[in-house]
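Here is the structure we will look at, set down as structure tokens.
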Amino acid sequence: MKAYLLDPAVAQYVFAHTTAPDPLLDELAKETLSVTGDAAGMQISPDQGTFLTMITQLVAPQVVVEVGTFTGYSSVCIARGLSGGRLHCFDVSDEWTSIARRYWREAGVEDRVTLTLGPALETLAAFDQTVDLAFLDADKGNYPGYYELLMERLRPGGLIVADNTLRRGHVADPAHEEQTTVEIRQFNDLVMEDPRVTVLMLPVADGMTLIRKN
């Protein structure tokens, strides 16, 4: 778990009382660590995976967009929550998403997923469908651009879930000026000041913000 903001004992308690990932997701997490090394930290945590499956089931979307697929953990979790809808994944890495494609097949969700490779500011701009649910977990400096593209396509009542919005709590420290922290802090302020949305920031993992279009 990425329980940066919780006491370790509380984090373990939360983990013990959250539905655990199945063997396929465990295998994917282990392979991601083996293949990508330090970059494996980009993968969501097991509790986030359970959350994404559940939120997908609750929203019951027909069109879901994921910006930032990496090796596929989050996309497997989202696709498993679909009942007749489709997940559209946007990423730049053929190498890492090749792992995702294999696990989509193993999870039996390959027929629910479309992958588009290329810079998401360009590929998402060409996407012409109305979006019900979106998961944003890509390069943080471009979050504002991704957000606006998603908002233009999001139906009223639709939901964006943005990951890493607490940056281990550093966003709350004005003296912390590391670039990604500053970028996320600016994104958080942008969303909070947007009159088109209702916002709830959750202290899950590294921070997950729910953004509902009014």
Query raised in the report: How many residues does the range 104-150 hold that are in contact with a Gly (Cβ under 7 Å, 6 or more places away or on another chain), touching a residue at least 60 places away in the same chain (Cβ under 8 Å) and open to solvent by 40 Å² or more (accessible area, probe 1.4 Å)?
Result: 0
Query raised in the report: Restricting attention to the range 189-205, which residues are surrounded by 14 or more Cβ atoms within 10 Å (Cβ to Cβ) and either polar (S, T, N, Q) or modelled with pLDDT under 95 (or both)?
Result: PRO203, VAL204, ALA205
Query raised in the report: Which of (1) open to solvent by less than 20 Å² (accessible area, probe 1.4 Å); (2) part of a loop (DSSP other than H, G, I, E, B) is the odd one out, the single condition SER83 does not satisfy?
Result: (1)
Query - Scope the range 178-199; condition among the acidic types (Asp, Glu) and not in a loop (DSSP other than H, G, I, E, B); matching residues - result: GLU183, ASP189
Report summary line: So, first residue closer than 18 Å to LEU136 by Cβ and touching a residue at least 60 places away in the same chain (Cβ under 8 Å) in the range 36-48, second residue assigned to a helix (DSSP H, G or I) and of a type in the set (Ser, Thr, Tyr), Cβ within less than 7 Å, six or more apart or across chains; the pairs are ILE44/TYR73; ILE44/SER74
Query raised in the report: Would you call ARG167 buried (at least 21 other Cβ atoms within 10 Å of the Cβ) and touching a Lys or Arg at 6+ places or on another chain (Cβ under 9 Å)?
Result: yes
Report summary line: Among the residues of the range 121-167, the number that are hydrophobic (A, V, I, L, M, F, W, C) and either farther than 23 Å from GLY81 by Cα or part of a helix (DSSP H, G or I) (or both) is 7
Query raised in the report: List pairs: first in the range 195-213 and farther than 15 Å from LEU150 by Cβ, second charged (D, E, K, R) and open to solvent by 40 Å² or more (accessible area, probe 1.4 Å), Cβ under 6 Å, 6+ apart or cross-chain?
Result: THR198/ARG212
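The values are calculated or read from the model by the stated rules, or taken from the named source; none is laboratory data. What you see is a predicted model; the values in this text were computed from it and never measured. So basically every Cβ, Gly included, is an ideal-geometry build from the backbone, and we count neighbours across all protein chains shown. Heads up: the accessible areas ignore ligands, DNA and RNA and are worked out on the full protein's heavy atoms, side chains in. Shrake-Rupley method; radii C 1.70, N 1.55, O 1.52, S 1.80 Å.
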